[in-house]
């Protein structure tokens, strides 16, 4: 009798497809974390224990939830333990540099200023975004903040003219008009009350949306607010997603979250397309941000050309980033001035001396506000909108004394570096604008420790735009109102990607005199 040597088809499928996948999963979920942990251990770096698939996400989520229940003393600027409770606890256990796991992603926390500077200044070896989650690109677009290499250099070259100082000086007038418009709304809402309560978080969110829509894209107030609402809702889904394990491929499944993300993304893109279509019908494109990009779309020069899809992504990026970060700068500056009435009066006196009590500020008068600049720098130091920065090693690298394996994420905690007593002195947690009296480079024990706009080749392209906008708005408010914190204010800074007041910023606005309500 002849023996059959046929192979079971099911066994063949298991052998060819299932077994390799299981082996790959074991490498990612078990073997690689074990090997990387041992590799860092040899360098004296440890951290919280890795849990299969979830890493330390569950622990982080629990600590954040507990921290969000605490309300700080209004006068306390020691906000790091509340904003980053996991980093605070792990630093006390494992030191200034430690390893933790964002799901299966190894993440190195580095708070040494020299190492941070090297990482942020490096042109090679690090990529800007360590976890390419689809929610990131839905919210920000694949714009200047996230693209790499030749594309980044091309975009930066095209966009630079829109942020020249000569161009920015001309934007003061539309910034003033947007601010006057929101003052009119406040008067309507006051119902004749002399002292009115206003939630400045919401108001600044609307105001900066209007300013960037007007100055960067030449769109209407209504279009700007519509785009702002859509991106704000999109932001909520993005923040929620950061506490979940990302499984590649799930972004294509029609889950309730994905369906909502797709709907909002379509809404944002349609809003931007309407703005682009409206501008495209004009005889000239103009020299604002959108105009510069539309001119690039018509360019025949390869190094200075942009596609329409790239323009849409850059609009998403600058609209969200520019609107969000400046509104947060204004929020925390007003909180500090409401709390420190002496500095509020010093700034008001400077504003009256340089700009007058009733005059509309312009670029020349704003540039003379030295104390104002110091206060904004100190606000950015203590409550900067961007409180951390990520990078990822694209190859095995050596930075300082550290050997960093390829694929390792690195986090530089700006919030910690900006309040480190070893860098800023024993008064590091105190509000002292005069530390910037001799400039940024002389403000700290360690030179160039101020990282509010990052550093190196990828430093914020719009930092001068943000500062002119903030100075304009603060000047106009101080000309008209005296501010104090509402009794309802709770000092609860929270990490919602940027640094927000968890329960808003209710303040009491008192007009300086009856003429200010004109």
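Values in this text are rule-based calculations from the coordinates and carry no lab data. Computed from a predicted structure; not experimentally measured. Quick reminder, even Gly has a Cβ in these numbers, built from the backbone with ideal geometry, and neighbours come from all protein chains shown.
Descriptive notes on the structure:
- Inter-label distance, nm, simple model (7 Å from Cα along the C-beta direction), residue 49/residue 156: 4.4 nm
- Two-site FRET efficiency, residue 62 against residue 434, from Cβ-Cβ distance with R₀ of 45 Å, rounded to 0.05: 0.65
- Calculated percent of Cα pairs over 32 Å apart (choose from [x] 42; [y] 52; [z] 47), label: [z]
- Degrees between helix 370-383 axis and first principal axis of the chain (Cα, 0 to 90, nearest 10): 30 degrees
- Extension reserve of the residue 300-residue 454 stretch, reckoned as 0.36 nm per residue once the Cα distance is removed: 52.1 nm
- For the range 179-323, the fraction of alpha-carbon pairs lying more than 26 Å apart is 40 percent, rounded to a whole number.
- Net length gained if the chain between residue 89 and residue 349 were fully extended (0.36 nm per residue, minus Cα distance): 89.3 nm
- Counting neighbouring Cβ atoms within 10 Å and putting the fewest first, the residues 307, 187 line up as 307, 187.
- Relative exposure of 302, 88, judged by other C-beta atoms within 10 Å (fewest first): 302, 88
- Cβ-derived FRET efficiency at R0 45 Å, residue 494 paired with residue 114, nearest 0.05: 0.90
- DSSP-defined antiparallel bridges as percent of all bridges, the chain, nearest 5: 90 percent
- Protection proxy ranking, highest mean first, for peptides 269-279, 68-78, 197-207: 197-207, 269-279, 68-78, where packing is the per-residue count of other beta-carbon atoms within 10 Å, averaged.
- For the chain, the longest principal axis of the Cα atoms and the long axis of helix 200-217 meet at an angle of about 90 degrees.
- Note on residue 357/residue 164: beta-carbon distance plugged into 1/(1 + (r/R0)^6) with R0 of 35 Å gives a FRET efficiency of 0.65.
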